[in-house]
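A short worksheet on the structure shown next.
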Amino acid sequence: MNSATLAPLVEAASACYRDSGRFGWHFARGKLAGDPVFTAILARGLLEGCPRILDLGCGQGLLAAWLLAARARYSGAAPGSWPREWPAPPPLTHYTGVEINPREAARARAAGAHLALAHFRIVEADVRHADYVESDAIVVLDLLHYLDTASQERVLAKARAALAPGGRLLLRVGDAAGGIGFTVSQAVDTVVVLARRRRLVRLNCHPLPVWLEVFLHAGFSARVVDEIRGAASSNIVLMAHAA
């Protein structure tokens with residue numbers, strides 16, 4: 001998507017955060033424009049045909065705002081403003097976000113009040129203990145490496161049980177074999193956790209082959225759908241289905 005198409009979509013998706021304070025609005029604009037996973041979700045149709053989405057570690061609910069803005073643009077845009085080679089955005093009808101950080105959960109709820117979505121719910125809870133609703137897709141972006149191995153397995157087992165038949169699990173994880181990019185991203189994640197939780201958390205990341213084994217052990221068949229590598233990142237986007 002070129003900047004002429006991306007910019008209006010970013011502005012539309014971030015508009016619901018204006019009432020949540022300057023930080024929430026500016027963070028939404030920067031994250032949606034700068035994090036390639038959001039564009040990849042649309043360009044590759046990673047959530048295509050999934051009306052019910054469970055977002056684990058949802059933060060301030062950016063995914064819901066992004067998908068609704070994309071659907072509105074796709075349905076009502078002038079000819080040529082939606083990339084012809086891109087599939088239709090998912091027809092989102094139910095969104096449940098689980099977020100442990102009270103401030104982010106509050107921003108998500110405030111934004112949700114401005115979204116045209118009747119079934120929008122934010123659950124302030126630890127993903128290890130929250131109840132998972134049945135969903136067509138479960139999204140887990142940049143979360144699993146904050147959990148110990150037993151907790152990773154628990155979350156994946158709960159996700160598998162909550163997926164509707166034919167449902168999918170969309171994840172982004174760090175590749176521990178990613179060299180300097182991984183080292184830098186780990187340092188950034190450590191600082192972020194320290195700022196949010198006021199304590200150090202030991203990150204638990206794996207090389208890609210080990211991640212695939214973790215998912216297989218949890219009953220998923222996973223494949224790589226995108227890689228984001230560079231001097232400051234070594235992230236992999238995976239799609240998983242019940243094996």
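The values are calculated or read from the model by the stated rules, or taken from the named source; none is laboratory data. These numbers come from a predicted model, not from an experiment. Methodologically, a virtual Cβ is constructed for each residue, glycine included, from the backbone with ideal geometry; neighbour enumeration extends over all protein chains shown. Surface areas here come from the heavy atoms of the whole protein model, side chains and all, with no ligands, DNA or RNA. Shrake-Rupley method; radii C 1.70, N 1.55, O 1.52, S 1.80 Å.
Screening region 63-106 for residues that are among the polar types (S, T, N, Q) and at pLDDT below 95 and picking the one that is most open to solvent (accessible area, probe 1.4 Å) gives Ser75.
Among the residues of region 98-122, those identified as of a type in the set (D, E, K, R) and touching a residue at least 12 places away in the same chain (Cβ under 8 Å) are Glu99, Glu104, Arg107, Arg109, Arg121. The listed residues are Gly167, Gly174, and the only one of them that is within 20 Å of Ala64 (Cα to Cα) and either at pLDDT 95 or above or small (Gly, Ala, Ser) (or both) turns out to be Gly167.
Of the residues making up region 123-163, those that are open to solvent by 60 Å² or more (accessible area, probe 1.4 Å), of a type outside the set (A, V, I, L, M, F, W, C) and touching a residue at least 24 places away in the same chain (Cβ under 8 Å) are Glu124, Arg128, Glu134, Asp148, Thr149, Glu153, Arg154, Arg160.
The helices (runs of 4 or more DSSP H) found wholly in region 1-91 and carrying at least 3 residues that are among the hydroxyl-bearing types (Ser, Thr, Tyr) occupy 3-14. Checked against the criterion of being at pLDDT 95 or above and under 16 Å from Gly59 (Cα atoms), the candidates Asp142, Asp189, Asp126 yield just one match: Asp126.
State whether the residues of region 12-29 include one that is touching a residue at least 12 places away in the same chain (Cβ under 8 Å), exposed (fewer than 15 other Cβ atoms within 10 Å of the Cβ) and either in contact with a strand residue (DSSP E or B) (Cβ under 6 Å, 6 or more places away or on another chain) or within 26 Å of Ile236 (Cα to Cα) (or both). No, that holds for no residue.
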